[in-house]
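Below is one structure; the comments refer to it alone.
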Amino acid sequence: MRRVSVLIILLLIIGSLPVTSGKAVPEPTQRDVFLYEYFSQVLARFDYSLRYALANESYSVKLANLTLNELELIRDESLYYQEKGINATVMRVIPPFYDFASQLVLLTQLTLQFQRNPTPALASGILSTVDSMERTLGVIETMKLRNGTKVLTFNTAKVRTHLEAIRKMASKLPPQEGFVIGVSEDNPILNQTVTIFGSCPGNGSVTVVIEGEGSTSLLLVKPENGLFSTAYRFDELGTYGIYAVQGNETSNRVMVNVRKIPTAFIVDDSYSAFLNQTVLVSGRLVDFYGNPLGGREIVIGNSTLVTDPNGGFSKRYFSSRAASFKITLRFPGDDVHAGTTKTVKITFSRYPVSITLNGPTEVILGKTAMFTGTMEPSLALPVTIYVAGKKYLTLTPENGTFSFELKPNETGEFKIYAAFDGNERYGKATSNVLALRVLPPENMTPRYVAIAVLAVLMIIGIVIIERRKGGRKVPAGRKGTIPAEGTHTGGTGETSPISSSIEVPEDVGEAYTLLRERLRDAFGISESMTPREVLRVLRDWGLYPHLERVTLLHEKAVYGEMHLDPGEKAEFKAAMEALLGGVTA
């Protein structure tokens, strides 16, 4: 299901619901442990993205986008489950994390651009974005989750530290001449807040002019150290020209196109039922902000409906025969909302049939083997028996059971199964396959002789072993020494430890954490450094090629959330064993 596991989403949404105790208590117990641990990991990803940005690594933008996409999926699924009547804690937690992730994508992009070409306009954009992100962190810090009676709060200290580092980096830019203005988003949606930032020659008041089609807005901004920024929400569609004025100076002009609000159908991807039953396709129409769109005309298949005040809609489908088809849901849009479409698959299936076959696995040639079977539901319809891939006989069960005899006329192994061809109401069915070995008639005398000979040989072997045990003595004048378990004796008779292979954890994240601990103990490498920083510090190490490969595979598995194939897993383990051996030798 896209890139995030369905299991993770269900654990976040359904797992955050209060758990009712088995005892008679007045209220259920709220346990948000998994929710807390998941979003704590999201904070760790935020931190890594900022650290990579400070290190001028383009991976910072990729990681920020991956995190945003994952949170966007969880947000959309939350709306779906809310439509189903599930009001989970995740629906309260997700909004500030999603907002922070959206701003993080912008901040990492601005930070990389600033390190390549530091300009006052970029510095102003960075500072205003950091201000907004710090306010969002404040909302996250006030959230309280619970594990029974214990209150859980999020630790944002590391994220704040690196936001402050980015702020200091942008603040070090000395004032420069020039009057430049920019925007954080030049194609926003209606009612979206945009940051307008820029640089100016002095610290005198700056007037930001926003010219629309038939309207003009003026924003007075006080610069600081030659930089200024302000937030503005566009509440009308259209194209806007934005520029700034300071005294007799006028900045450049940027164009912003405000587009309609995106919309979406919150509805299942597929529906299924047996024939002669009814399928109810139902859902809601909402906008990007999660607001229901009531009273809107929509098209479902060939029918036109109007959504109720909560944006809800429904349509029933019925079929008397097995069929599978797709219908398209379409909202053409309105004055401020963009249109959207959704394809839903509907399947009407025949009723399932189950056949179970029982019988012997061996039979002597010339003897008769008896087989029995059951059919569910109990149908008086023909069932065909197949032997060695050929039709053997056709019979009709009585009260859901049947039986038949088989008298093979040759030796060998034969596959036997029962099959039902199905009809308009019931689907096809095939039973389990039985393997019947047909053995030739056997003279039992040689078998009895073989068993007797084997018994005699076993007795002789036991006697020989016991005699050898009784005859073992320690040579005179020399004391025998039995090495302790876990040691071996060398040529001098002294004991030494048995070398053991290094244990590498199966989990890639755990293995890499173990490696970082060993590098810390061996070389003093701080665990606060990013994996790429560790690579730069140890570039002259003899085991650097192994370290580089382990780092790349770790980033792919942990940050990229991509499964390693068997070859990559083996390569990761071999490189880890070499590295752990190198730092513990």
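The values are calculated or read from the model by the stated rules, or taken from the named source; none is laboratory data. Note that this is a predicted model, so its numbers are computed, not measured. No Cβ is skipped: glycine too gets one built from the backbone with ideal geometry, and neighbour counts run over all protein chains shown. Keep in mind that these areas ignore ligands, DNA and RNA; they rest on the heavy atoms of the full protein, side chains included. Shrake-Rupley method; radii C 1.70, N 1.55, O 1.52, S 1.80 Å.
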* Solvent-accessible ranking of Ser354, Ser128, largest area first, probe 1.4 Å -> Ser354, Ser128
* **Loop-located trypsin sites (Lys or Arg not before Pro) in the range 161-215 whose Cβ has at most 11 other Cβ within 10 Å (DSSP)** => Lys172
* Heavy atoms of Ile451: accessible area, 1.4 Å probe, square angstrom to 10 -> 100
* Asked: Could you give the length gained on full extension between Ile459 and Thr368, defined as 0.36 nm per residue of separation minus the Cα-Cα distance, in nm?
  -> 28.7 nm
* Residues of the range 325-356 with amide N under 19 Å of a point placed 7 Å along Cα→Cβ from Glu376 -> 350-356
* **Burial order of peptide ranges 60-68, 142-150, 332-340 (average beta-carbon count within 10 Å, highest first)** => 60-68, 332-340, 142-150
* Structure fact -> Hull surface over four for the Cα convex hull of the range 508-584, reported in nm², is 4.6
* Compute the length gained on full extension between Ser282 and Phe34: take 0.36 nm times their separation in residues and subtract their Cα-Cα distance, giving the result in nm to one decimal. => 86.2 nm
* Asked: In the range 524-585, which trypsin sites (Lys or Arg not before Pro) are in a loop and have at most 10 other Cβ atoms within 10 Å, using DSSP for the loop call?
  -> Arg539
* Asked: If you roll a 1.4 Å probe over the heavy atoms of the protein chains, what accessible area per residue do you get for the range 205-285, in Å²?
  -> 50
* Structure fact -> Note: Leu305 to Val537 extended length (0.36 nm per residue) minus current alpha-carbon separation gives 77.1 nm
* For Ser102, Ser320, Ser431, write out the residues from largest to smallest accessible area, computed with a 1.4 angstrom probe and no ligands counted. => Ser320, Ser102, Ser431
* To do: Assign one of three labels to the range 155-209, namely rounded, prolate or oblate, based on the Cα gyration tensor with a ≥ b ≥ c the square roots of its eigenvalues; rounded applies when a/c is under 1.5, prolate when it is not and a/b is larger than b/c, and oblate otherwise.
  => oblate
* To do: In whole Å, largest first, what are the principal axis extents of the Cα atoms in the range 193-258?
  => 34, 23, 15
* **Inter-centroid distance (Cα atoms) of the range 299-371 relative to the range 219-236, Å** => 54
* To do: At most 15 other Cβ atoms within 10 Å and a DSSP loop assignment: could you name the GluC sites (Glu not before Pro) in the range 369-434 that fit?
  => Glu410, Glu424
* Asked: How much net charge surrounds Ile502 when only other residues with a Cβ under 12 Å from its Cβ are counted (Lys, Arg +1; Asp, Glu -1)?
  -> 0
* Determine, from the Cβ-Cβ distance of Glu297 and Thr161 and an R0 of 51 Å, the FRET efficiency 1/(1 + (r/R0)^6), rounded to the nearest 0.05. => 0.45
* Structure fact -> Output row, site Glu410, 7 Å Cα→C-beta label point, backbone N cut-off 16 Å, window the range 351-385, residues 365-366
